[in-house]
1. Tell me, what HN-Hα J-couplings in whole Hz come from the Karplus equation 6.51 cos²θ - 1.76 cosθ + 1.60 at θ = phi - 60° for each residue of the range 80-88, using x for Gly and Pro?
2. Given the pairs Lys67/Lys163; Lys33/Lys105; Lys114/Lys186; Lys37/Lys183, which span a C-alpha to C-alpha distance of over 20 angstrom in this model?
3. Please report Rg (one decimal) and Dmax (integer) in Å for the Cα set of the range 47-112.
4. Plugging the Kirkwood radius over Cα pairs into Stokes-Einstein for the range 78-119, at a temperature of 10 °C and a viscosity of 1.306 mPa s, what D comes out in µm²/s?
5. Let me know the volume per residue of the alpha-carbon convex hull for the range 163-216, in Å³.
6. Evaluate the distance, in nm, between pseudo-label points positioned 7 Å from the Cα of Lys183 and of Tyr52 along their respective Cα→Cβ axes.
Amino acid sequence: MQSQKCWDLSVGGLRIGTSPSRKFGRDSCLGTKPSWKLRLELAIGIARGLVYLHEECITRIIHCDIKPQNILLDDYFNARISDFGLAKLMNMNQSKTNTGIRGTKGYVALEWFKNMPITAQVDVYSYGVVLLEIISCRRCVQEMEQEDEEKAILTDWAYDCYKDGAVDALVEGDNEALDDKEKLEKLVMIAIWWVQEDPVLRPIMRNVIHMLEGTVEVQVPPYPSQISIQYSLI
């Protein structure tokens, strides 16, 4: 049986772990930062896993709790989605369901708070947050000094950086990412599409893969709403 790894985000970067039973555990991680190339491969691997859950299973599965702690890596750093304790199962001809709020603070799509029917787009939203974490190697919410409080919520800060033409601030000191500025900007644009408040504006996961692989042009994303609202509601 292959061993598995967990991946962790911490001050100092995204870290690859070695224990399948202790996800996000500081003592189980190697403390090394994956290369830019590996992070891009992880992003595509997670997206493919979600396509399988949403479109290719006999039963459609909405995971409802996509976050770094629920992503395992095998010996070859292939991403594996784990922990289906909050998942919703639906028939393939069923596109939406009603359920109480599920998920983890920071990764929860805003429609959960509006008593709206839930679709697979809640996973797309969560994955948009995860992609920004993969890009920047930092958590989706962090305590910051007062002068840097605009950086506290990653989704809000990422949009500000994009709007101001300063996406390099998201990967400060990461020379590999900085040397791939065009790809970096495109990934940030993609992530902003995924965290749109209106689920209809978020692309489906299969189109997400096309965007990541560069086979579909990425349009300029609109302002995604004041995402920070969820931090006061959960």
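Since every read-out is calculated from the coordinates, none of them should be taken as a lab result. Note that the structure is predicted; figures quoted are calculated from it, not measured. Heads up, the Cβs are rebuilt from the backbone with ideal geometry, glycines too, and the neighbour counts pull from every protein chain shown.
1. My calculation for the range 80-88 gives 10, 6, 10, 6, 9, x, 9, 5, 10 Hz in order.
2. Lys67/Lys163; Lys33/Lys105; Lys114/Lys186
3. Cα only, the range 47-112: 12.6, 38 Å (Rg, Dmax).
4. Answer, rounded: 133 µm²/s.
5. It comes to 89 Å³ per residue, whole-number rounded.
6. Roughly 2.4 nm, to one decimal.
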